[in-house]
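Reviewing the structure listed below.
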Amino acid sequence: MDEKQYIAELISKYITSKLTPAEEEYLNGWLEDSFNKMQFDRIVELNNVHENLEDLDFFHSNNRMDEFSEYVKPQIQIKKWLAYAAVIVLPLVLGISVFFIKDNIFILQKPGLAAIEQFSESVTLELNNGEVHTFDHKDSVIYTSNGVLEIDSTNISYLNHNNDSIEQYNTIIIPKGMKYCLTLSDRTKIWLNAQTKLKYPVEFIGTERKVFLAEGEAYFDVQENKKMPFIVSVDNEEVRVMGTEFNVRAYNNEIENQITLVEGEVVVSNKHSKLRMMPNQQVSIRSGQNNLQLENVNAAIFVGWRNSQLIYRNESLERILIDLERYYDIKVFYKDPEMQFESYSLSLNITPDFQEIVELLEATGSVKFEIKNNVLVVKKVV
């Protein structure tokens, strides 16, 4: 048994409280390396998450495993683990299984500095009748039960759709690292940012056009129709328009939703209040609160992502890196936690080369980064 196998077995025994004194001493020696310790802490944390889950199969779903797999993505392929899987994997509790995620490769590895390994996922389209289709940036045509979809590198639209007297809702899910433009049946265009989920009808029927933003960020260019208002439902709020351009940001892991108006006029409302917005205004709604907060802003700052540009004005490093997590399949570890509160004003172009982003941030002179297995370690410059 080589060291990789042995360490995996020791971590398994640690979690199940079966370490001998000699094994504990060996594991402690391995944990003296800070990166090893970081991986160890994440695995133990993962195991604790599992203990609170009601169903093991829920954790093993693609979404749940993908959420944690980034901590140990390999820099090189080391060794097939199938030969000893029965010895190591079967006794392990769930936490250790993160060592065996990609392509049956044993991936416990301490890398040096390396570029971020960009990931490739697919956009998912869930139809009203339960059909599921996936696609990526390649040009294609998809035949579904409620219409024919044309896909290209940046856009999805219906070549035709089946007419029906009942509204049929589809749900489109954009993963991390991707963004797409969806053209609705009324020719309204919706740019969907990374990690976004939107429910929309194949064809609008009735007196209003309504879509549901379940999570994420979307830019709406709404076709004008005074007889049929367009409504975006997000959490407990509604954005009602006739025809205009605006941005809605509503990520589940952020403390507030933001609606930013670019052109036209919109009305934002919930059960407690209603506000009418003009261009270059923004409404914020904090989680757990009912008040709608209106302020004047430069709308261009908040919609640059549509053109792969992130613009920040006196924004915390934490917020900046949260955005970058969605584009580059990274997790952030603060070696100096106080750095997350540092403020920056800068513009970042989202490119395939994450190293360019790192160098630009480091050029501020106050922060230093290390990249280890798609974990971005944040350190203070001393």
Only one of Asn146, Asn129 is modelled with pLDDT of 80 or more, more than 24 Å from the chain's Cα centre (by Cα) and not β-branched (Val, Ile, Thr). Can you tell me which? Asn129
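Let's see how each residue does on (1) surrounded by 15 or more Cβ atoms within 10 Å (Cβ to Cβ); (2) touching a Phe, Trp or Tyr at 6+ places or on another chain (Cβ under 8 Å):
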| site | (1), (2) |
| --- | --- |
| Met278 | no, no |
| Glu359 | no, no |
| Thr364 | no, yes |
| Lys372 | yes, yes |
Could you say whether any residue in the stretch 345-353 is open to solvent by less than 30 Å² (accessible area, probe 1.4 Å), modelled with pLDDT under 90, closer than 20 Å to Gln195 by Cβ and assigned to a loop (DSSP other than H, G, I, E, B)? no
Residue by residue through the stretch 272-288, note down the ones that are part of a loop (DSSP other than H, G, I, E, B) and of a type in the set (A, V, I, L, M). Met278
All but one of (1) at pLDDT 95 or above; (2) surrounded by fewer than 17 Cβ atoms within 10 Å (Cβ to Cβ) hold for Asn253, so report the exception by its number. (1)
Tally, over the stretch 30-59, of residues that are at pLDDT 80 or above and either hydrophobic (A, V, I, L, M, F, W, C) or open to solvent by less than 40 Å² (accessible area, probe 1.4 Å) (or both): 2
Scan the stretch 354-382 for residues that are under 22 Å from Pro175 (Cβ atoms) and either assigned to a strand (DSSP E or B) or more than 23 Å from the chain's Cα centre (by Cα) (or both) and jot them down. Ile371, Val375, Leu376
Just to be sure, is Tyr327 in a helix (DSSP H, G or I), aromatic (Phe, Trp, Tyr) and open to solvent by less than 70 Å² (accessible area, probe 1.4 Å)? yes
Considering only the stretch 300-317, I want to know if a residue exists there that is open to solvent by 70 Å² or more (accessible area, probe 1.4 Å), more than 27 Å from Ser269 (Cβ to Cβ), in a helix (DSSP H, G or I) and not small (Gly, Ala, Ser). yes
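Give the residue, chosen from Glu224, Glu215, that is in a strand (DSSP E or B) and closer than 26 Å to Asn298 by Cα.
The conditions single out Glu215.
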Among the numbered criteria (1) surrounded by fewer than 16 Cβ atoms within 10 Å (Cβ to Cβ); (2) at positive phi; (3) in contact with a Ser or Thr (Cβ under 9 Å, 6 or more places away or on another chain), which single criterion is violated by Glu224? (2)
Looking at the stretch 198-207, can you tell me whether even one residue there is open to solvent by 50 Å² or more (accessible area, probe 1.4 Å), closer than 25 Å to Leu127 by Cβ, modelled with pLDDT of 95 or more and in contact with a strand residue (DSSP E or B) (Cβ under 7 Å, 6 or more places away or on another chain)? yes
So Val266, is it more than 23 Å from Asn236 (Cβ to Cβ), open to solvent by less than 30 Å² (accessible area, probe 1.4 Å) and at pLDDT 90 or above: no
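Of the residues that make up the stretch 332-344, is at least one touching a Phe, Trp or Tyr at 6+ places or on another chain (Cβ under 7 Å), farther than 18 Å from Tyr312 by Cα and touching a residue at least 40 places away in the same chain (Cβ under 8 Å)?
No: the stretch 332-344 contains no residue that is touching a Phe, Trp or Tyr at 6+ places or on another chain (Cβ under 7 Å), farther than 18 Å from Tyr312 by Cα and touching a residue at least 40 places away in the same chain (Cβ under 8 Å).
The values are calculated or read from the model by the stated rules, or taken from the named source; none is laboratory data. This structure is a prediction, so every number in the text was calculated from the model and none was measured. As a convention, Cβ positions derive from the backbone with ideal geometry for all residues, glycine included, and neighbour counts pool all protein chains shown. To get the accessible areas, we keep the full protein, side chains included, count just its heavy atoms, and leave off ligands, DNA and RNA. Shrake-Rupley method; radii C 1.70, N 1.55, O 1.52, S 1.80 Å.
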